[in-house]
Every structure is written in C-alpha cells, then in structure tokens.
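The values are calculated or read from the model by the stated rules, or taken from the named source; none is laboratory data. Because the structure is a prediction, the values reported are computed rather than measured. Note that each Cβ is placed from the backbone with ideal geometry, even for glycine, and that neighbours are counted across all protein chains shown. Remember, those area values only see protein heavy atoms, side chains included, never the ligands or the DNA or RNA. Shrake-Rupley method; radii C 1.70, N 1.55, O 1.52, S 1.80 Å.
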Amino acid sequence: MSIVTVQLGQCGNQIGFEVFDALLRDSQSSHGLCCKRENEAYQASCKERFFSEEENGVPIARAVLVDMEPKVINQTLSKAAQSGRWKYGQHACFCQKQGSGNNWAYGYSVHGPRHEESIMNLIRKEVEKCDSFSGFFIIMSMAGGTGSGIGAFVTQNLQDQYSNSLKMNQIIWPYGTGEVIVQNYNSILTLSHLYRSSDALLVHENDAVHKICAKLMNIKQISFSDINQVLAHQLGSVFQPTYSAESSFHYRRNPLGDLMEHLVPHPEFKMLSVRNVPHMSENSLAYSTFTWAGLLKHLRQMLISNAKMEEGIDWHVRPPSSGLPSLGKKSLNKDLHFNTSIANLVILRGKDVQSADVEGFKDPALYTSWLEPVNAFNVWKTQRAFSKYEKSAVLVSNSQFLVKPLDMIVGKAWNMFASKAYIHQYTKFGIEEEDFLDSFTSLEQVVASYCNL
C-alpha cells in the first residue's frame, strides 16, 4: 500500500528530500546481506510505498511539496533531479512569493484558506495515482509559520476530506535555546490542533538530533543538512519494508496501519518517539562489531531512562518492582527518572535477525497497568540490512518521553501569554485569546494523562 508524503515549509521540504533519498539509496544498495530474490522483493515493496514509476525508469516520489516561498522548493526539486536516482513529480509543488514570517496565525488563517483549493487538489491527484492508498505522512516543523500554521490547516482538511485514511505527522521540536521569539506560541497552537486532527505525532527534538551529530557522528560544524540526514536515517529504518507477522518472506503491506495499530491504542496518547542503535560515522563503523544482545541491552536502557542516544545512558534507572507503585511517577515536580511506556515497537534489520532475543521488552514493569505486555509490545524483523549497518535496531515508542519538554514549552508560552506579549500579532489574523486558552487546556490535559500512566 502506498503512502503520500506532504512536505510543508522549509523544514518539511528539506527533511522530505533526505527521507526519499535515504529510502532509495538504501533499497538500491548492494550491502543488503541477503539473496538477490529477497533484495528484489525489498526494492519492490519500498517503491510501492513511496515512489511511482515514470516511463523512462526514474522513480517519482509520492509527495506534495508546499511552501510560501519558492527558494527551498526549487532547491529541493533540483537536488532530487540531480541525484539521478529519483525525482519529484512535475506538478507536485505549490509555492508563493511571500512567506508566513514565523507567524502561526498568518499560515493558518491567511495562507491556509487562501490556497486551500490548490493544495488539496495537488494532494487529491497524488492520492488518485495510488493503486492502494494507506494514508498520509506529513512532515513539518512546529516553531515557524508556514510549516506549523499551514501544516495544522492542511492536516485538519485531510481529516475532513479523508476521514478514513491514516494521518501521521512528523514534527520537529524546536531547540530549547530558541530559534524564533514566538516559537512557544507557534508550538502550542500547532500541537493542540494536530492532537485533534492527526492519528499520531512522530516527534523529533532538534536538541537530541544535534547531540547525535556531535557525539556519535563526530561532526564538528553541524549543518541542518547533517541533522536532516540523521532524521532521514531514523525514519528510513522505521518505514523500510519488514516481514509480515504471518510470513518470514512476505513484506508488510500497510506500514502506517500497522504502526498505528501497535502504538496508538487510545486517542489521548498519540506522541511517538524514535531511537536507533547503532549510529556512528563511517570511519568508526569500519572498526566496530555488534551483537544483537548488546544492541538490545542498550536500546532497552535508552527506553527505560529516556535517553535519546547510546552515549550517556543512565544505567542506574530501573523499572519499578512489579506490583509496587512507582514513586514519583505521578508527579511532575519529582524527576521522571523512569520512563513508563504505553506501547513499544522494536524493528530489527540484518544478519542473524531470527536469533535476536527481545524478551527484555516484554517486562510488565515497563508498561502502564491498563495494557497487557502481549498487546503493548511488538517486534518487526527482516534479514535485509539497512543502510551501511550489518545489524541495526530501532525503537518506536509511545511513552512519557515528551512530558518534560511539553510541560516546559506550555509553561514558557503561558508566561508570555500572561503578560500579553506578542498576542497582537496573532489576533490581527483572527486567532483570539480564547484559542490560546483552548490550546493550553488541551495540552495540559495531554501532560496530565501521560504523567498518570
């Protein structure tokens, strides 16, 4: 089944390019460590999901690109065409001459309604090209104006017009130090609107990805392109084909549907995170060997201690003893050391994958009491290696990982709102104080729900 990707704003378009490039580069790679027949099945499954074939044999990304300024879209189109491996469709883009000036209200209330028909027509045409349509993957940031404002508007429209199709939003959480003075306002408005119209929010924190680039990849001068390549690697390791539960040699047909089914058992809990091991520079990789036991031990402890990468894991954090209440789990004021999960999915790729032991992820102490571990944990596998790693594991988790950052962003936005700072920039485009209050209420409820797991 095919997924239509909607790339919104500068951030969404730049990440979207890296994702498609990583997917195709991996599927065409000869490092797959599997037989020719299996490699061909893997390639076919990847293409069906993310690409449509053109007459001259160059795959075309199943994507719609939206931005209010032409510069980034033109760069993205040209980089894809220059790769020689794939390209974007000729009529899959929508751009204008004037951006949203980092103002969520301008993107949501002005650009969105003004260009609704054109954007939704492009998306409809892309959906009609799919023989079998799974849903939408929407890539956007939440700190700016176009990606966040138009992103929230478009997601709402997709919910109205394609209510039976799945929608997963991949959102980029802004740097804590701040990129834009009003990023906390833009963030709470984006999140509260997406919580109503999206089926799942796959969250990447800029600070965490930046640390991966610095500490694991040893990159000295970190660019947005470096950050986006790490994101693309993580997303590729989630979305590339894996075997279906029924058969060791048939690939899953509906990755979005399977992800939602396994990870979002209740509409109140739809925040997902991605962690992967190993992650390192090519130079280090040449001198490294991995065992499944070692990779999974690290991945489990990353989950428990809410570590975003292998380096700096707190090995002292332990799950609460079964049957005993976990002290501090209910309170935000106490440090949330142990990260309680609702649901986890581990995806294993590479050599001897059938020998990997994932029993450690089935411990009832890792999960909330209202879901049995048998329903809360799933594992997907394939012998086909991903990218340049002989063995790799990725964890997609619905857990308390975002409680602190979310509480912090809501708190900062509330402090600005209480002093009425910059509110006039939003009210002049039709976003009233009442809309802010609704957003605060909605997100405080999300924080409380995750805290009470």
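What the table shows:
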| quantity | calculated |
| --- | --- |
| Accessible surface, per residue, of the chain when the full set of protein chains is kept, probe 1.4 Å, Å² | 41 Å² |
| In nm, spacing of pseudo-spin labels at ASN121 and GLU444 (7 Å Cα→C-beta vector) | 4.4 nm |
| Prolate/oblate/rounded call for the chain, Cα gyration tensor, a/c under 1.5 rounded | oblate |
| The range 303-319 - phi-based ³J(HN,Hα) in whole Hz, Karplus 6.51/-1.76/1.60, Gly and Pro as x | 5, 4, 9, 6, 8, 8, 8, 5, 6, x, 5, 8, 7, 7, 6, 10, x |
| Over 27 Å between alpha carbons, listed pairs LYS36/LYS270; LYS47/LYS388; LYS167/LYS211; LYS215/LYS391; LYS79/LYS220 | LYS36/LYS270; LYS167/LYS211 |
| Estimated 222 nm signal from helices in the chain, with DSSP H stretches of n ≥ 4 weighted -39500 (n - 2.57), rounded to 500 | -12500 deg cm²/dmol |
| Order of exposure, largest accessible area first, which applies to LYS97, LYS308 with probe 1.4 Å | LYS97, LYS308 |
| Peptide ranges 123-132, 168-177 listed from the most packed, as the mean C-beta count within 10 angstrom indicates | 168-177, 123-132 |
| Total formal charge among the other residues, if their Cβ is under 11 angstrom from that of ASN344, Lys/Arg +1 and Asp/Glu -1 | +2 |
| Accessible carbon and sulfur surface of the chain relative to its total accessible area, %, 1.4 Å | 49 percent |
| Solvent accessible area, Å² - GLU390, 1.4 Å probe, full protein context | 80 Å² |
| Contact order normalised by residue count of the chain, Cα under 8 Å, 6+ apart, percent | 17 percent |
| Proximal lysines to LYS362, defined as alpha-carbon separation beneath 17 angstrom and excluding residues fewer than eight positions away on the same chain | LYS297, LYS381 |
